[in-house]
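Since every read-out is calculated from the coordinates, none of them should be taken as a lab result. A quick note: this is a predicted structure, and the numbers were derived from the prediction, not measured. Note that we place each Cβ from the backbone using ideal geometry, even for glycine, and neighbour counts take in every protein chain shown.
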Amino acid sequence: MEEILSNKTAIFAGTTEGRKLSEVLAAAGVTHTVCVATEYGEIVLNQHPLVQIHRGRMNREEIGSFVREGQFTLVIDATHPFAGEITRNVKAAVEACCHEKQPVSYLRLKRDEGGRQEQGVTYFESNEDCAAALKDIKGNILLTTGSKELSVYCQNEEVRSRLYVRVLPNVESLVLCAEQGIRGKQILAMQGPFTAEMNEAVIRQYHISCVVTKESGAVGGYPEKIAAAARTGTAVFVIGRPKEDEGVSFAGICRKLETLYGTALFPQTEPLEITLAGIGMGNENGLTREVGQAVQEADLVFGAERMLAAFPRISEKYPYYRANELIPYLRNLQETGLLTGKRKIVVLFSGDSGFYSGCQSLYTALEKEIREGRLIGMLHILPGISSVAYLAACTGESYQDAVIYSMHGKPLCNLANRIGKSSKTFLLTSGVKDVNYLGKALLDAGMDSCEIITGCQLSYDGQRIRRLSPSECVEVTEEGLYTCLVKNPYAKSGRLTHGIADGQFIRETVPMTKEEVREVSICKLHLREKAVVYDIGSGTGSVAVEIAGLSDEIQVYAIEQKEEAAALIEQNREKFGLENMTVVKDTAPEGFADLPVPTQAFIGGSGGRLKEILAALWEKNRHMRIVMTAVSMETICEITKILPLYRIKDEEMVQLQVSRTRKAGTHHLMRAENPIWVCAFTFDGEED
């Protein structure tokens with residue numbers, strides 16, 4: 001590439017972005033000088049014939065002399081955002097040169113801040129404030145702010161004795177540690193970047209109770225420190241980044257330089273080859289050959305730390321796999337040229353990419369980024385071996401005739417009821433606590449005849465497959481990744497229709513919506529999977545129980561203000577084992593406040609507040625379905641007056657007259673029940 005000499009450029013480099021900018025300029029044929037403060041700063045720079053290096057610290061006057069003597073026309077300040085003094089000196093020196101009729105342009109490279117994560121984090125305005133607060137912290141302290149501010153943290157002898165200091169592996173840092181009385185075993189001389197996994201290992205090895213860091217952004221490894229601290233329950237003290245009122249992003253600097261030099265700094269962006277890969281249980285031996293080859297050829301590998309740990313030979317790997325983390329990271333790298341020459345990207349997912357995996361949501365998000373031009377690339381997915389398939393193979397079982405559920409990361413409603421309907425149930429779990437919960441749920445439901453086959457650490461050297469009873473599951477203590485197969489010899493087919501006899505409910509003296517009225521009313525609700533239903537004035541809870549029993553995916557809220565009735569509803573809920581049913585002891589509509597938005601509501605009793613209840617439901621969801629019953633003429637009249645206040649559709653009004661037989665000697669006589677009106681309609685509110 002032709003050398004460009006029309007402008008003389010000096011970069012004051014103290015960050016990764018500064019070094020990368022030098023590499024980009026050199027690759028584009030731009031001669032320039034890079035100023036570094038230390039020998040180590042020179043070592044980490046890539047040597048290039050177009051790059052001159054000036055090593056050594058300079059004060060304001062020395063910087064001015066350096067700029068004048070070098071006849072520089074552009075100075076780029078890429079020093080660390082916390083190095084406020086050097087930034088002030090560079091800027092003042094450039095201004096002085098301009099006053100002396102030597103035209104010099106100044107650009108400040110502003111580091112990307114990244115997102116704040118507040119949980120477990122305490123912010124301080126200065127190192128002095130942070131050091132003072134450490135006196136009240138018990139246990140060991142990991143100091144990652146560098147060696148320059150070390151003296152601030154060593155003023156208190158008791159705090160100093162508990163410090164573990166992570167510094168750069170150069171002579172200057174080690175000398176500063178020695179001067180401040182930091183002993184050898186307290187010094188962690190290491191060069192980043194550090195993964196969250198590595199940070200976590202340091203925290204655990206040295207029993208760290210507090211991590212001290214600067215708010216250094218994604219490039220400075222700040223997210224990885226926060227992630228490691230969160231996983232270990234460690235406090236984090238952060239010296240907040242000084243607010244930069246001026247500055248240009250890396251991409252912005254490059255655009256300005258392209259105009260100045262009249263040349264493109266980056267080659268044409270090559271499309272990324274992004275592969276979302278299922279890696280099975282995590283053991284490298286369990287990879288498909290296709291996935292193994294993709295990982296081996298990848299330039300960058302992303303995934304959860306546990307999965308990245310299975311590939312120790314990969315040098316460039318990062319703990320990002322969620323769309324909100326990975327996409328901004330890739331966009332930033334592509335925009336700044338940091339992905340130049342790195343086209344093949346693999347994102348790892350456990351198990352099979354199409355089976356209870358986060359792969360699909362990431363694929364959708366990435367596909368949108370590519371379609372709308374924010375990323376340049378192509379996508380494809382590689383499947384893996386699921387733990388269900390692996391456990392089935394280990395036990396000689398099939399799984400085409402089984403049901404499969406995931407307990408991973410969320411409670412599973414009506415677990416015992418689900419298992420009760422199938423002779424084989426595979427369960428993906430989050431760990432030993434789910435195995436304990438499984439055993440207890442089966443015991444509580446009287447299903448102690450079930451056999452549970454647990455597969456722990458499948459595919460690893462420590463793989464363990466055990467056959468347990470529910471009571472033995474409760475006693476399991478060994479941590480690990482578990483997949484379970486539950487074999488139920490007394491499985492019963494699930495009912496396809498509702499219709500629980502009145503006599504099956506615990507009733508006592510509480511009013512109850514009768515069976516035939518219940519069934520018609522539930523039909524009129526037009527229920528679907530994942531419905532959210534309010535049963536208002538629930539009484540015994542018979543309607544709520546019937547609805548909750550239709551599907552484990554329906555959520556039902558039984559709202560009842562009377563103490564006796566609410567207790568009775570809870571008894572019926574427990575009798576039928578319905579975890580997807582919640583009893584809300586409160587008045588209506590006040591009890592709606594903290595509940596999720598309903599899709600349907602059944603009003604069995606309004607307590608004389610029907611108008612207020614309907615108004616509250618309208619505000620909750622202007623497209624919901626409502627069914628209500630009325631016995632008295634007064635209630636029917638009230639309904640006819642209130643409904644015209646709303647836009648409604650699919651209105652139905654049905655009168656039910658039910659008669660039941662009773663025996664009189666050898667004869668069966670009909671006994672009439674009170675006639676009931678069932679009113680059903682759907683709110684037809686305007687679209688928001």
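Going from the fewest other Cβ atoms within 10 Å to the most, the residues 327, 376, 536, 182 appear in the order 376, 327, 182, 536. Can you classify the range 502-683 as rounded, prolate or oblate using the Cα gyration tensor, where a ≥ b ≥ c are the square roots of its eigenvalues, rounded means a/c under 1.5, and otherwise it's prolate if a/b beats b/c and oblate if not? It comes out oblate by the Cα gyration axes. Among 628, 378, a tally of other beta-carbon atoms within 10 Å of each Cβ gives an order, fewest to most, of 378, 628.
Let me make sure I get this right: for the range 545-602, a, b and c are the square roots of the gyration tensor eigenvalues over alpha carbons, sorted descending. Under 1.5 in a/c it's rounded, otherwise prolate if a/b > b/c, else oblate. Which is it? In terms of gyration-tensor shape, oblate. Quick check for you: which residues of the range 190-218 have the amide N under 14 Å from the point 7 Å beyond the Cα of residue 235 toward its beta carbon? In the range 190-218, the label zone of residue 235 (backbone N under 14 Å from the point 7 Å along Cα→Cβ) covers 208-213. Were the residues from residue 249 through residue 493 laid out at 0.36 nm apart, the gain over their Cα-Cα distance would be 81.5 nm.
Amide H contacts under 5 Å for residue 167: 188, 189, 190, restricted to partners 5 or more places along the chain or on a different chain, H placed in the peptide plane at 1.01 Å from N. Here 592, 12 are placed in order of increasing Cβ neighbour count within 10 Å, fewest first, which gives 592, 12. With mean projected area of the Cα convex hull in nm² in mind, check (i) 47.9; (ii) 45.0; (iii) 41.6 and report the label derived from this structure. Computed from the coordinates, mean projected area of the Cα convex hull in nm² corresponds to (iii).
Between the listed residues 140, 300, 356, the Cα displaced farthest toward the positive end of the dipole of the chain, a dipole computed from Cβ unit charges relative to the Cα centre, is found at 356.
Among the trypsin sites (Lys or Arg not before Pro) in the range 561-658, those placed in a DSSP loop whose Cβ has at most 14 other Cβ atoms within 10 Å are 647.
FRET efficiency for the residue 668 to residue 449 pair, using the beta carbon distance and R₀ = 35 Å, is estimated at 0.30. In this structure, residue 622 and residue 410 have a Cβ-Cβ separation that, at R0 = 25 Å, corresponds to a calculated FRET efficiency of about 0.25. Taking the longest Cα principal axis of the chain as reference, the axis of helix 60-70 is set at about 70 degrees. Charge dipole (Cα centre; +1 on Lys/Arg Cβ, -1 on Asp/Glu Cβ; no other charges) of the range 289-428 amounts to roughly 180 debye. Which Cα, out of 534, 281, 207, lies furthest along the positive dipole direction of the chain (beta carbon charges, K/R +1, D/E -1)? The listed residue farthest towards the positive side: 281. Taking 0.36 nm per residue of separation and subtracting the Cα-Cα distance, full extension of the segment from residue 99 to residue 529 would add 147.4 nm. Helices in the chain, meaning DSSP H runs of at least 4 residues, each add -39500 (n - 2.57). Divided by all residues, the mean residue ellipticity at 222 nm is -9500 deg cm²/dmol.
Simple point charges give the picture: +1 on the Cβ of Lys and Arg, -1 on the Cβ of Asp and Glu, and for the chain a dipole about the Cα centre of about 620 debye.
Take the Cα of residue 502, step 7 Å toward its Cβ, do the same at residue 155, and the gap between the two points is 8.2 nm. The distance separating the Cα centre of the range 543-575 from that of the range 389-412 comes to 30 Å. Give the shape of the range 361-479 as rounded, prolate or oblate, defined through the alpha-carbon gyration tensor: a ≥ b ≥ c are the square roots of its eigenvalues, a/c under 1.5 means rounded, and otherwise the shape is prolate if a/b is larger than b/c and oblate if not. Prolate, since a/c reaches 1.5 and a/b exceeds b/c. Would you please give the FRET efficiency between residue 185 and residue 136, computed as 1/(1 + (r/R0)^6) with r the Cβ-Cβ distance and R0 = 22 Å, to the nearest 0.05? The value I calculate is 0.35. In a reduced charge model with +1 at each Lys and Arg Cβ and -1 at each Asp and Glu Cβ, the range 121-239 shows a dipole moment near 400 debye about its Cα centre.
In this rough spin-label picture, where each label sits 7 Å from Cα along the Cβ direction, the residue 646-residue 88 distance is 6.6 nm.
In plain terms, the chain from residue 393 to residue 259 could stretch by 42.0 nm, reckoned as 0.36 nm per residue minus the Cα-Cα distance. Selection among 251, 21, 584 by position relative to the dipole of the chain gives 584 as farthest towards the positive end (Cβ unit charges, Cα centre).
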